[in-house]
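Q: Structure provided below as structure tokens; questions to follow.
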Amino acid sequence: MPATVVLGAQWGDEGKGKLVDRLAGDVSWVVRFQGGNNAGHTVVLGDRVIKLHLLPSGITRPDCNLVLGDGMVIDPWVLQQELDNWKTETGEEPLNDRLFISERAHIILPFHRLVDGLDKKIGTTGRGIGPTYADKINRIGLRFAEVAEVIGDSEWLASTTSRMNHILEMVGAEGRIEEAELASDVKWIHATYNHAITNTGLMLDNALKLGENVLLEGAQGCLLDIDQGTYPFVTSSVTSRGNSSHGAGIHPGHVDSVIGIVKAYTTRVGAGPFPTELFDEVGEHLTEIGHEFGTTTGRRRRCGWLDMVVLRHANRVNGFTELCLTKLDVLGGLDPLQICVGYELDGKEIHELPACSAALERCKPVLIEMPGFPEISLMEWLDIANKANSEGLGYSALPSAAQAYIRHIEKLLGVPVTSVGVGPDRDATIEKTD
């Protein structure tokens, strides 16, 4: 069976967790293939709000196997806290049964958090992700595969501690790494996770050959990709389709479905250019009604109109086979609605994303207007979704202006919108019928 990829098409926070939670009911494996606990996925099940940072969103499905893949950087302490929280909430211990950690994934250590905490420009989460990827590229990182090898290796401990403290001194960090503490950390990681560390790429390849369904879950979004995003205001990994199979340890021929998650407007967290950002009552509406605060950091998200320049770029990079539009309900009560179809840069209209962030910062959005639709309560949206799906009404159950908004997105991007989210609940999603 082929694998399916779920990717963010904007600057992250598009609602990937909700879709993965829904799709996970029909798959055997859900795989995180990049990033670390700088990502945050929220799943709402009735009155339960589940916030995940490392654990794949498929955890809500008891029969679904979970993989932390080759391309990830993993904080073992954060993972332990998430597992403890999950056990408290459900009584389940997935680490002993269905959670597998790639032997090739890199480990975030206290040193990495100390270095990352000094960032004042990019607006990182301070979780140690960038410094861990830097050590990976410099070929001096610690992977789960090597943990058993370095336990008791006094030469490795001494040289690693010396290198870390030299860097901390150079960058002006206050903390230092003690050799005994590093040795203790490595022993704890081995004791806690050794039975779950394995060749996950081989497991997934075998599962696909046996006809099992695999879902590859991306973190962040295309515009935060280290190569294809708004550099340098990006994350430290490749967030796009090309890394989905690579970061999972399988070949790209396994993938034939790529779902791009698109918020009905645009948000981003942290610093960096954002042409459609709003600083008026509309921006306040999007922030408050959309509850636009980061799952991982709690930071207020910047909000703006939907940006088709961004989406065209994301589609070119990823080749979406379909789109899932989320948070359409948040637009209720705004009239007119606006969509960015191009930029004005230094007096000239352009329709592609500039590679240079300084140039993108000077871009002014070229906007078109569309009629809005009334504000509806979340319970009413949920009723609309339940009726639409149970009676096979599809998008015809939506207000006419909302239908027109969806059709125009499809026309501008040339990719079908196959589902629309109208609230945070798992069931507040309307499936396309035609």
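The values are calculated or read from the model by the stated rules, or taken from the named source; none is laboratory data. Everything numeric here is computed off the predicted structure, so don't read it as measured data. Glycine gets a Cβ as well: all are built from the backbone with ideal geometry, and neighbour counts include every protein chain shown. SASA here: full protein model, heavy atoms, side chains in, ligands and nucleic acids out. Shrake-Rupley method; radii C 1.70, N 1.55, O 1.52, S 1.80 Å.
Q: Skip the ligands, DNA and RNA, and give the accessible area per residue of region 279-434 with a 1.4 Å probe, whole Å².
A: Result: 45 Å² per residue.
Q: May I ask you to derive the relative contact order of region 185-316, considering only C-alpha pairs under 8 Å and at least 6 residues apart, and to give it as an integer percent?
A: With pairs under 8 Å counted, the relative contact order is 18 percent.
Q: Separate question: Averaging sequence separations of C-alpha pairs under 8 Å and six or more residues apart, then dividing by the length of the chain, give the relative contact order as a whole percent.
A: This gives 19 percent for the chain.
Q: Further question: Along the Cα→Cβ direction, 7 angstrom out, place labels at ALA191 and LEU118. What is the inter-label distance in nm?
A: 3.2
Q: In Å and from the alpha-carbon atoms only, list the Rg and Dmax of region 69-183.
A: So, for region 69-183, Rg and Dmax equal 15.4, 46 Å respectively.
Q: Also, I was wondering about something else. Using each residue's phi in region 318-324, evaluate 6.51 cos²θ - 1.76 cosθ + 1.60 at θ = phi - 60° and report the 3J(HN,Hα) Karplus result to the nearest Hz, with x for Gly and Pro.
A: So the Karplus estimates, Gly and Pro as x, are 10, x, 4, 8, 6, 10, 10 Hz.
Q: Shape verdict for region 96-164, please, from the Cα gyration tensor: rounded (a/c under 1.5), prolate (a/b greater than b/c) or oblate.
A: Taking the square roots of the gyration eigenvalues as a ≥ b ≥ c, region 96-164 is oblate.
Q: Please give the per residue accessible area of region 71-144, computed with a probe of 1.4 Å over protein heavy atoms only, in Å².
A: Heavy-atom accessible area per residue stands at 45 Å².
Q: I would also like to ask the following. Report the Rg/Rh value for region 1-146, based on alpha-carbon coordinates and the Kirkwood definition of Rh. List each step's numbers first, then the result.
A: On the way: Rg = 15.4 Å, Rh = 16.0 Å.
Taking Rg over the Kirkwood Rh, I get 0.96.
Q: Between GLU369, GLU352, GLU82, which gets the highest mean-square fluctuation from a Gaussian network model of the chain, Cα cutoff 10 Å?
A: Of GLU369, GLU352, GLU82, the most mobile in the Gaussian network model is GLU369.
Q: When the accessible area of the chain is computed with all protein chains present and a 1.4 Å probe, what percentage of it is carbon and sulfur?
A: 51
Q: Semi-axes of region 355-424's equivalent ellipsoid from the Cα gyration tensor, sqrt of 5 times each eigenvalue, largest first, rounded to whole Å?
A: Taking √(5λ) for each eigenvalue gives 31, 14, 13 Å, largest first.
Q: Going down the table (LYS16/LYS136; LYS16/LYS51; LYS327/LYS432), which pairs top 18 Å between alpha carbons?
A: LYS16/LYS136
Q: Still on this model: Given the Cα-Cα distance of ASP153 and ALA134 and 0.36 nm per residue of separation, how much length would full extension add, in nm?
A: 4.5 nm
Q: On the Cα set of region 302-434, report Rg and Dmax in Å, please.
A: Gyration radius and largest Cα-Cα distance of region 302-434: 16.2, 51 Å.
Q: Considering the options THR267, SER244, GLY283, tell which one lies farthest towards the positive end of the dipole of region 218-302, charges being +1 on Lys and Arg and -1 on Asp and Glu at the Cβ, about the Cα centre.
A: Value: SER244.
Q: How large is the convex hull of the C-alpha atoms of the chain per residue, in Å³?
A: Output value, Cα hull per residue: 142 Å³.
Q: Once all Cα-Cα distances of region 173-303 are split into 5 Å bins that start at 0, what whole-number percent is in each one?
A: Values per bin, smallest distances first: 2, 8, 12, 13, 13, 13, 14, 12, 8, 4, 1.
Q: Largest first and to the nearest Å, give the Cα extent of region 1-49 along each principal axis.
A: Here the spans come out as 33, 26, 19 Å, largest first.
Q: Measuring with a 1.4 Å probe in the full set of protein chains, what accessible area per residue, in whole Å², belongs to region 230-271? Spell out each step's value before the answer.
A: Working: 1250 Å² over 42 residues.
Per-residue accessible area for region 230-271 comes out at 30 Å².
Q: Which loop-located trypsin sites (Lys or Arg not before Pro) does region 92-167 contain, where loop means any DSSP state but H, G, I, E or B and the Cβ has at most 12 other Cβ atoms within 10 Å?
A: LYS120, LYS121, ARG139
Q: Separation between the LYS209 and GLN80 pseudo-spin-labels, each 7 Å from Cα along Cα→Cβ, expressed in nm?
A: With each label placed 7 Å out from Cα toward Cβ, I get 3.7 nm.
Q: Of all beta bridges DSSP finds with both residues in region 258-388, what is the antiparallel percent, to the nearest 5?
A: So the antiparallel bridges amount to about 70 percent of the total.
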